[in-house]
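Working notes for the structure below.
The values are calculated or read from the model by the stated rules, or taken from the named source; none is laboratory data. Keep in mind that this is a model prediction, so the values were computed, not measured. Here the Cβ positions follow ideal geometry from the backbone for every residue, glycine too, while neighbour counts run over all protein chains shown. Just the protein is used for accessible areas: all its heavy atoms, side chains included, with ligands, DNA and RNA removed. Shrake-Rupley method; radii C 1.70, N 1.55, O 1.52, S 1.80 Å.
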Amino acid sequence: MSSFKRVGIAADHVNRHPAMRQEVINVYPQAKFHDAAHRIGEDELIAFLQDCDAAIIGFEPVTERVLTALPNLKIISKYGNGCETIDFHALKRHNVRFGYTWGVNKLAVAELALGFMLSGLRFVGPLNVAMRAGERPKLRNGRFLTGRTVGIHGCGNIGKEVVRLLQPFGCQILACDIKDYADFYSTWHVTPVSFDELLARSEVLTLHLPKTPKTLGLYGRAVLAKLRPDCVLINTCRGGIVDEDALLERLESGALTAACFDVFAVEPAANDRLLRHPNMLATPHIGASTEETRLILVRAAVRGLTQNDFVDPELFYAM
């Protein structure tokens, strides 16, 4: 099907999932898979891809050192979203083509964000903790999602999917993004706002930002202090964008109603004080973890090896 001599599948999620492996084998019968039970680093990646001219990677490090050591590598296709482990300047210097499909996990992540909204507003987390501890809380009134003011920070593919899923709830939807999505906002009745207005007005605030030097640590103490005390803060994008120590302070003081996070600065998550706070609902980075999405992701990665229009690395430089 292609002129590739050997395709190496380094993405750990693909390697551990029989159905995803089969999706690759259906197209590239001679593909080889790295069978480590962990995500491999630079040295292992270099050794594994020595005889490959094409590769599918997940969050393995694609660095200057890796590319220098693999002069025969001609194309890399990305499994999933999130490109913070890829040096795009190095890709361009080494003339390695990059296959990428935007927004392939958007429905799975958007559905999780919606579930977090409902859970945070109805105190599902703390009430479950109390029930499991043998308590039987008699009354704790939550709030409707219907009619709430929902803020979306980052209205790209996932943010737009959240907007679509919120339509039956009649929410007032605010969006803040560095890009102008005027046509989308008009069609879906979304109000574009500044960052400060987003923080001040959102009763539910859901984050859908890439992890970049500009967003890393963005939600620190000063920013978190601008949130409404009845706000439910949701993060299903990337860990490190929210200062977890500052977040814990807000939760412990009662200055923030609830936080629902799927991503953390260190993963597996290690901040036990935060994870154990009753108003913190935490999941272990499951945003794209549905059987349907896994197949969508691997099929997109396979297509990325042969797509006609490869992604220009310069699109990622400013992110």
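Only residues that are of a type in the set (A, V, I, L, M) and within 14 Å of Gly58 (Cβ to Cβ): list them for the range 70-118, please.
Answer for the range 70-118, where residues must be of a type in the set (A, V, I, L, M) and within 14 Å of Gly58 (Cβ to Cβ): Ile76, Ile86, Val104.
If we keep just the residues of the range 128-164 that are of a type in the set (Val, Ile, Thr) and open to solvent by 30 Å² or more (accessible area, probe 1.4 Å), which is modelled with the lowest pLDDT?
Val129
Given the range 211-286, what strands (runs of 3 or more DSSP E) lie entirely inside it while holding 2 or more residues that are under 16 Å from the mean Cα position of the chain (by Cα)?
232-235, 258-261
Mind checking which residues of the range 191-204 are closer than 22 Å to Gly287 by Cβ and in contact with a helix residue (DSSP H, G or I) (Cβ under 7 Å, 6 or more places away or on another chain)?
Val204, the sole residue that qualifies.
If a residue has to be open to solvent by 70 Å² or more (accessible area, probe 1.4 Å), of a type in the set (A, V, I, L, M) and within 23 Å of the chain's Cα centre (by Cα) to count, how many in the range 1-40 make the cut?
Qualifying residue count for the region: 1.
Under 24 Å from the mean Cα position of the chain (by Cα) and open to solvent by less than 40 Å² (accessible area, probe 1.4 Å) - does that describe any residue in the range 44-51?
There is at least one residue in the range 44-51 that is under 24 Å from the mean Cα position of the chain (by Cα) and open to solvent by less than 40 Å² (accessible area, probe 1.4 Å).
Quick check on my filter: what residues within the range 1-39 are of a type outside the set (Phe, Trp, Tyr), at pLDDT below 90 and more than 17 Å from Arg299 (Cα to Cα)?
Ser3, Lys5, Asp35, Ala36, Ala37, His38, Arg39
Can you tell me which residue among Leu274, Leu251, Leu256, Leu233 is farther than 22 Å from Leu145 by Cβ and either surrounded by 18 or more Cβ atoms within 10 Å (Cβ to Cβ) or modelled with pLDDT of 95 or more (or both)?
Sole residue among the options that is farther than 22 Å from Leu145 by Cβ and either surrounded by 18 or more Cβ atoms within 10 Å (Cβ to Cβ) or modelled with pLDDT of 95 or more (or both): Leu274.
Consider only pairs whose beta carbons are under 6 Å apart and that are at least six residues apart or on different chains; among these, list those whose first residue lies in the range 66-85 and is of a type in the set (A, V, I, L, M, F, W, C) and whose second residue is outside any loop (DSSP other than H, G, I, E, B) and open to solvent by less than 10 Å² (accessible area, probe 1.4 Å).
Val66/Leu45; Leu67/Ala90; Ile75/Ala54; Ile76/Ala55; Ile76/Ile57; Ile76/Phe98
Do we have any residue at all in the range 205-219 that's more than 18 Å from Val109 (Cβ to Cβ), open to solvent by 20 Å² or more (accessible area, probe 1.4 Å) and of a type in the set (A, V, I, L, M, F, W, C)?
Looking through the range 205-219, at least one residue is more than 18 Å from Val109 (Cβ to Cβ), open to solvent by 20 Å² or more (accessible area, probe 1.4 Å) and of a type in the set (A, V, I, L, M, F, W, C).
Among what's in the range 75-98 and is among the charged types (D, E, K, R) and not in a loop (DSSP other than H, G, I, E, B), pick the residue that is most open to solvent (accessible area, probe 1.4 Å).
Among those residues, the one meeting the criterion is Arg93.
Tell me whether the range 105-119 contains one or more residues that are outside any helix (DSSP H, G or I) and under 22 Å from the mean Cα position of the chain (by Cα).
yes
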